[in-house]
1. Got a number for residues in the range 1-24 being among the polar types (S, T, N, Q), buried (at least 16 other Cβ atoms within 10 Å of the Cβ) and more than 24 Å from Phe147 (Cβ to Cβ)?
2. Scan the range 31-43 for residues that are in contact with a helix residue (DSSP H, G or I) (Cβ under 7 Å, 6 or more places away or on another chain) and either surrounded by 18 or more Cβ atoms within 10 Å (Cβ to Cβ) or assigned to a helix (DSSP H, G or I) (or both) and jot them down.
3. Show me the helices (runs of 4 or more DSSP H) entirely contained within the range 81-182 in which 2 or more residues are under 14 Å from the mean Cα position of the chain (by Cα).
4. Across the range 25-69, what is the total count of residues that are among the hydroxyl-bearing types (Ser, Thr, Tyr) and more than 19 Å from Asn14 (Cβ to Cβ)?
5. Scan the range 131-144 and report the pairs whose first residue is at negative phi and whose second residue is surrounded by fewer than 15 Cβ atoms within 10 Å (Cβ to Cβ) and modelled with pLDDT of 90 or more, with Cβ atoms within less than 8 Å and a gap of 6+ or a chain change.
6. (1) in contact with a Leu (Cβ under 9 Å, 6 or more places away or on another chain); (2) open to solvent by less than 70 Å² (accessible area, probe 1.4 Å); (3) hydroxyl-bearing (Ser, Thr, Tyr): which one isn't true of Thr139, the others all being true?
7. Which residue is modelled with the lowest pLDDT, if the candidates are limited to the range 90-115 and must be open to solvent by 20 Å² or more (accessible area, probe 1.4 Å), aliphatic (A, V, I, L, M) and farther than 27 Å from Cys49 by Cα?
Amino acid sequence: GTGLLGEEICRQLNARDIDFVATSTNGRGSTVCLDLTEPTASEKIRSLCKAEHFTSIISTVGSIGTSDDEKVNSACGVAIIAARNSKNVSRFVSIGNPDRVRDFARNIGPLSGYVAGKESSEQILEDIFGDDGCVIRPTFIYGGTEFGLTPPRVTSSVGNVVKMALSLEPFPTLSQILPGPL
């Protein structure tokens, strides 16, 4: 709940008056401390699911540009298994990326761990939750006030311009004609 996506999801849930519990690896702000790479993570998740009566989980777990990318990104699988074992959680949503992005990143050394971890978690999600699991794969994520390389980040102002430009003709028409995402 403290990264770019997690904060936005929390903001959207608050705007809709939906009760939720946000977690982060260090318990910053109003989040509950939960590090999925710790040996006790499964038990913490099961306890949270039961105590808070969770029925759904949205996971924005992700790491990019660190030596632990594969470990962190595959750790979402721990959350998936623990959530299903809690018996309360019937739906699980995770944030991933499109195949086109993944295929490109897989061959870039520093990003290969990120891709491997995401693929591992998504396979576990499919195996454990089936149709009650969902991976959202946005092609373009932007936000914040600073550009960044690790993680890759485009500012809100630039992202809004790109979004607006892509909504102008001929892009919507081309997106209907061309195969796959632009």
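The values are calculated or read from the model by the stated rules, or taken from the named source; none is laboratory data. Just so you know, these numbers come straight off a predicted model, no measurement behind them. Because the Cβ atoms are built from the backbone with ideal geometry, glycine has one as well, and the counts that use them run over all protein chains shown. Protein only, heavy atoms only, side chains kept; ligands, DNA and RNA dropped before computing areas. Shrake-Rupley method; radii C 1.70, N 1.55, O 1.52, S 1.80 Å.
1. Number satisfying all stated conditions: 1.
2. Leu34, Leu36, Ala41, Ser42, listed by residue number.
3. Values: elements: 99-106, 109-129, 156-166, 171-177.
The qualifying helices (runs of 4 or more DSSP H) are 109-129.
4. Of the residues in that region, 8 qualify.
5. From the range 131-144, the pairs are Asp132/Ser90; Gly133/Glu126.
6. (2)
7. It comes out as Val101.
Table: residues versus (1) open to solvent by less than 80 Å² (accessible area, probe 1.4 Å); (2) touching a helix residue (DSSP H, G or I) at 6+ places or on another chain (Cβ under 7 Å); (3) of a type in the set (Asp, Glu).
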residue	(1), (2), (3)
Ile45	yes, yes, no
Leu48	yes, no, no
Ile58	no, yes, no
Glu70	no, yes, yes
